[in-house]
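Heads up: the structure comes next, in structure tokens.
The values are calculated or read from the model by the stated rules, or taken from the named source; none is laboratory data. These numbers were taken from a predicted model, which means no experiment stands behind them. Positions of Cβ are generated from backbone atoms using ideal geometry, with glycine treated the same way; all protein chains shown enter the neighbour counts. The area values use the complete protein model at the heavy-atom level, side chains included, leaving out ligands, DNA and RNA. Shrake-Rupley method; radii C 1.70, N 1.55, O 1.52, S 1.80 Å.
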Amino acid sequence: MPQPDHDPEMLLALLAGCRRAERDAQRRLYGLYYSFALSVCLRYTRTRDAAMEAVNDGFMKVFRDVGRFDVARHEVSGSFRGWLKRIMIHTAIDHYRSQEKHQHQQELNDAAFAEADPGHSALDTLSYEELLHLIQQLSPAYRTVFNLYVIDGFTHEEVSAQLGISVGASKSNLSKARAHLKHLLKQTNHHAYAGYVG
């Protein structure tokens, strides 16, 4: 859903300016979408500084590849947000791989198969800010799988391909992430824990 300040005609003009590598157009596009991009990257990083670094790297990719974004395909504001979101997710994952993957390789390669909890959970009752705070307390491996699968709608097969782990490891890490989140809810005596089933 486009934001009120994201006028499609203005966005088209900014994208055209970015294709010509005009600094003013790049600066204005960055300003319009910075908060959105940061909200995506914050879910994949432990610190705000790391998220800001991922955002900046992501926008460099946006400016480099803006010619690939087809403005004729769909409603421009919504489709641009989707395109930008994917770039930010991939950039945050690249940061995860380069900075934390080796440290947590054993966690990622855990081969225990565990299916995700079906149906409604207490996590559904949390506000975005509460959920973000809890997610940031997870280990990098669990946080990344949880975000990709639960928040961003990737399948286990897609998570597996993105992170270079087996589908079973993706399922296991998701199950463990949910168990850790449940534990965190219980520790903080959060109202959502009362409704947590399983």
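Rounded to a whole number, what % of the accessible area of the range 137-178 do carbon and sulfur atoms account for, probe 1.4 Å?
Whole-percent figure for carbon plus sulfur exposure: 47.
Highest mean first, what order results for 175-187, 142-154, 14-26 on Cβ atoms within 10 Å?
142-154, 175-187, 14-26
Given 0.36 nm per residue, what is the gain on full extension from residue 23 to residue 179 after removing their alpha carbon distance, in nm?
Gain on stretching residue 23 to residue 179: 51.5 nm.
Given the protein chains as shown and a 1.4 Å probe, how many square angstrom of residue 10 are accessible, to the nearest 10?
50 Å²
Order of 29-36, 164-171 by packing, highest average Cβ count within 10 Å first?
164-171, 29-36
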